[in-house]
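One structure below.
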Amino acid sequence: MRSLKSTLTMFILVVSILTQSCTSHVPNPVYGNIGDEGAPLYADSSGKEPTDTLLYGVIVEYDANEKSKFVKVRDIATGVEGYADTLKINQANHPLEAPYVFDEEQSECELLNIETSETSESVSGWTFWKKGNGVMALSSVTLAYNTGRVFTQQNYYLGEIHLGYILLTHSVEYGEDNGEKLETPIVIYEDIASRAGIFEGGQCFTPGGQLGGFDTDDWEQ
């Protein structure tokens, strides 16, 4: 059984995620994705007391007029705040928009993250399509070993579309409209720095798993 403290902590995190929006909390907001090494969060602008870590791809907002090395940032999806090194932030070169969502249901994931080792290759993927006033997501993971063994797992989620990110709140079975509420929602961030793809869990997912940037405006719609 979970301790009361653990349960309360999880509840506070979920409420924070579900109630946050992209409404600016600073006078002159600019936005950016956290860089590929992640970014420690600090209690103040001295950068001496790490309190948390923002993963690769998280979109933060901060004050454009702030000139310090460590600036106060806010995760636009979770509302988590702290001070981060500006060198760890890839400033936006594109508008704050949600990840691309197809009009029709998709059967395969077009946004992939591919990792290889001496013995196997792992291919993880995401795709999204409109579902009523929200969004349906398909997530897949395929693990292929050099021995020829292949394992694949697929999961479906329901969620909400926001400026800059998608918030997945429920796990569902294929073809169903209702599902189980996730203890911690899954956040999918758009790449507003280079339009290379999307970010989830500190990983970057791009069309076909290709490296390098591209503009999603060129996608077939």
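I'd like to check one number: the per residue accessible area of the range 57-141, probe 1.4 Å, reported in Å² as a whole number.
Values: 4140 Å² over 85 residues.
Computed with neighbouring chains in place, this is 49 Å² per residue.
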* **Heavy atoms of residue 100: accessible area, 1.4 Å probe, square angstrom to 10** => 50
* Enter the accessible area of residue 161 (Å², nearest 10), with the probe set to 1.4 Å and all protein chains included. => 80
* **residue 174 versus residue 53: modelled label distance in nm, points set 7 Å from Cα along the beta carbon direction** => 3.6
* Give the distance, in whole Å, between the Cα centre of the range 129-189 and the Cα centre of the range 73-92. => 25
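The values are calculated or read from the model by the stated rules, or taken from the named source; none is laboratory data. Note that the structure is predicted; figures quoted are calculated from it, not measured. Cβ atoms come from the backbone with ideal geometry, glycine included; neighbour counts cover every protein chain shown. Remember, those area values only see protein heavy atoms, side chains included, never the ligands or the DNA or RNA. Shrake-Rupley method; radii C 1.70, N 1.55, O 1.52, S 1.80 Å.
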